[in-house]
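Input: a single structure, listed below in structure tokens.
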Amino acid sequence: MKITEKELQRLQKLTEIDRTYWDQGLVLAGMDEVGRGPLAGPVVVGCVVMPPEPLLPYVNDSKKLSEKRREALYEQILTTSLAHSTAWVGPEVIDEINILEATKRGFAEAFSKIGLPVTDVLIDALRGLDIPARQHPLIHGDALTYSIGAASILAKVARDRYMIEQDALYPQYGFARNKGYGTAEHIAALREYGPCPIHRRSFIGHFVP
């Protein structure tokens, strides 16, 4: 596949931060989560160690990509990365310990599963994680660095696939369309049918008794 000059320039810009670690010979991972805001389903954390070469065209913040492109990049990340992992924290844990602590637990679990001696981690915004590596939080890091962008794709595609599976089990909520977020359609279904087993009880008190 031929890469345009514009895309090459974008990739060079996107990897500027990553290269400060790669050029030192450090083992760099990117980490990101998907699913902190939905009313249903898990929060999913992706952790990935990408090589400096080859760079995958079109890696970006997963929210900026079409579903088709995310799916294609997901498969490329799995085969190109030096290591990758995901961690899932379900609604029952989110309800028990709150979404922030659940997210932090997911980050620690995903890191523990990576299987490489990672020295440095680029993280989208979150601070103070219980992981044995230097942590570098970046606001909107999924749009600023290649490694976090790749991690965001890993987490989003995994979670979206799960929510599509749940749509087949609980079709009344439209999970394939809203992925569990509080859309008007989803809230109307909650009020009509009540919650299903994957709803976060701590998130839906405004909509159901």
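The values are calculated or read from the model by the stated rules, or taken from the named source; none is laboratory data. Not measured: the values here are computed from a predicted model. Here the Cβ positions follow ideal geometry from the backbone for every residue, glycine too, while neighbour counts run over all protein chains shown. Surface accessibility is based on the protein's heavy atoms, side chains included, excluding ligands, DNA and RNA. Shrake-Rupley method; radii C 1.70, N 1.55, O 1.52, S 1.80 Å.
Looking only at the stretch 1-39, which residues are in contact with a helix residue (DSSP H, G or I) (Cβ under 6 Å, 6 or more places away or on another chain), under 30 Å from residue 98 (Cβ atoms) and either without any contact (Cβ under 8 Å) to a residue 12 or more places away in the chain or surrounded by fewer than 23 Cβ atoms within 10 Å (Cβ to Cβ) (or both)?
Hit for the stretch 1-39 is 36, nothing else.
Considering the stretch 121-157 alone, what residues qualify as being among the charged types (D, E, K, R), surrounded by fewer than 17 Cβ atoms within 10 Å (Cβ to Cβ) and in a strand (DSSP E or B)?
Correct list: 134 only.
Of all residues in the stretch 103-120, which are in contact with a strand residue (DSSP E or B) (Cβ under 6 Å, 6 or more places away or on another chain), on the phi < 0 side of the Ramachandran plot and surrounded by fewer than 24 Cβ atoms within 10 Å (Cβ to Cβ)?
103, 105, 109, 111, 113, 114, 116, 118, 120
From the list 85, 62, which residue is under 14 Å from the mean Cα position of the chain (by Cα), open to solvent by less than 50 Å² (accessible area, probe 1.4 Å) and without any contact (Cβ under 8 Å) to a residue 60 or more places away in the chain? Give the steps one after another, and end with the answer.
Working: 62 fails: without any contact (Cβ under 8 Å) to a residue 60 or more places away in the chain.
Matching residue, one of 85, 62: 85.
Among (1) at positive phi; (2) open to solvent by 10 Å² or more (accessible area, probe 1.4 Å), which single condition is residue 160 missing?
With (1) at positive phi; (2) open to solvent by 10 Å² or more (accessible area, probe 1.4 Å) applied to residue 160, the lone miss is (1).
From the residues in the stretch 1-29 that are modelled with pLDDT of 95 or more and polar (S, T, N, Q), which one is farthest from residue 119 (Cα to Cα)?
Filtering the stretch 1-29 for residues that are modelled with pLDDT of 95 or more and polar (S, T, N, Q), the one farthest from residue 119 (Cα to Cα) comes out as 9.
Here is a yes/no grid of residues against (1) at pLDDT 95 or above; (2) of a type in the set (Val, Ile, Thr); (3) under 23 Å from residue 93 (Cα atoms); (4) part of a helix (DSSP H, G or I):
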residue: 167; (1), (2), (3), (4): yes, no, yes, yes
residue: 181; (1), (2), (3), (4): yes, no, yes, no
residue: 186; (1), (2), (3), (4): yes, no, yes, yes
residue: 195; (1), (2), (3), (4): yes, no, yes, no
residue: 202; (1), (2), (3), (4): yes, no, yes, no
residue: 207; (1), (2), (3), (4): no, no, yes, no
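crowded, with 16+ Cβ neighbours inside 10 Å and over 20 Å from the mean Cα position of the chain (by Cα), is that true of residue 204?
Answer is yes for this residue.
When only residues in the stretch 169-179 that are part of a helix (DSSP H, G or I) and open to solvent by 30 Å² or more (accessible area, probe 1.4 Å) count, which is farthest from residue 73 (Cα to Cα)? Outline the logic, then answer.
Of all residues in the stretch 169-179, those part of a helix (DSSP H, G or I) come to 169, 171-173, 175-178.
Then keep just the ones that are open to solvent by 30 Å² or more (accessible area, probe 1.4 Å); that gives 169, 171-172, 176-177.
Working: 169: 27, 171: 28, 172: 30, 176: 20, 177: 21 Å.
The residue in question is 172.
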